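A quick write-up on the structure given underneath.
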């Protein structure tokens, strides 16, 4: 991976470990010589991750919308900040710039972005690794629900297995870097079982 798209909260959250892990992820991106791609904001975990990556020497690219420029105050210290019209354009550009995706703790936007690129991977629109930083068990309830989607036969286990989960940024990036592309089309396999 040469570039990593980071999805995370525009707030810092209740636990200081969220901020610490966001900073560690930014440092880990820089240590690997990767470019960080993210939503371009200067608030919350977004800002902490971007600032840590920049401080450690990483190239950081932000993509935001005109509306969010006013609400989140676009980060003025990035190597690049792209301002687009719509959220659809924003998410597509972020995905196009990235070789992999990681989600830190966050809210509805973070969840929506993660599930979108995961769905795109399931359907074969990309073959990039997906990671989830489960800081302090933040995503435990979601992971339990995802197990239920398999138990109720809505999601295949190989599709669930596309999401690599860890609580340590360095370990997660190491695992993502070693992830093997899926040779079988999971969407075709799923259709065969219907």
- Task: Can you give me the three principal axis dimensions of the stretch 35-85 from its C-alpha atoms, in Å, biggest first?
- Result: 30, 18, 13
- Which angle from 0 to 90°, rounded to the nearest 10, does the C-alpha axis of helix 87-97 make with the longest principal axis of the chain? 90
- Query: Taking N as the number of residues in the stretch 74-132, what value does Rg over Cα atoms divided by 2.2 N^0.38 Å take?
  - Reply: 1.18
- Note on the structure: The relative contact order of the stretch 3-193, taking Cα pairs under 8 Å that sit 6 or more residues apart, comes to a percentage of 21
- Note: residue 115 to residue 174 extended length (0.36 nm per residue) minus current alpha-carbon separation gives 19.1 nm
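Can you give the Rg to Rh ratio for the stretch 50-152, taking only C-alpha atoms and Rh from Kirkwood? Can you show the working numbers first?
Working: Rg = 15.3 Å, Rh = 15.4 Å.
Rounded to two decimals, Rg over Rh is 0.99.
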- Query: Angle, helix 108-123 long axis vs. longest principal axis of the chain, Cα atoms, 0 to 90°, nearest 10?
  - Reply: 50
- By the Kirkwood definition, with r running over pairs of different Cα atoms, the stretch 123-172 has a hydrodynamic radius in Å of 12.0
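Give the whole-number value, in cubic angstrom per residue, of the convex hull volume spanned by the C-alpha atoms of the stretch 92-187. Provide the component values of the computation, followed by the final result.
Working: hull volume 9.4 nm³, N = 96.
Taking only Cα atoms, the stretch 92-187 has a hull volume of 98 Å³ per residue.
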- For the chain, the longest principal axis of the Cα atoms and the Cα long axis of helix 44-55 enclose an angle in degrees, to the nearest 10, of 70
- Task: Give the relative contact order (percent, whole number) for the stretch 66-168; include only Cα pairs under 8 Å separated by 6+ residues.
- Result: 24
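What's the Cα-based Rg to Rh of the stretch 3-193, Rh via Kirkwood? Show your work: numbers first, answer last.
Working: Rg = 16.1 Å, Rh = 16.8 Å.
We get a ratio of 0.96 for the stretch 3-193.
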- Query: If you find the alpha carbon centre of the stretch 1-66 and of the stretch 100-173, how far apart are they in angstrom?
  - Reply: 18
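FYI, it's all coordinate maths here, none of it is from the lab. Model, not experiment: these values are computed from the prediction.
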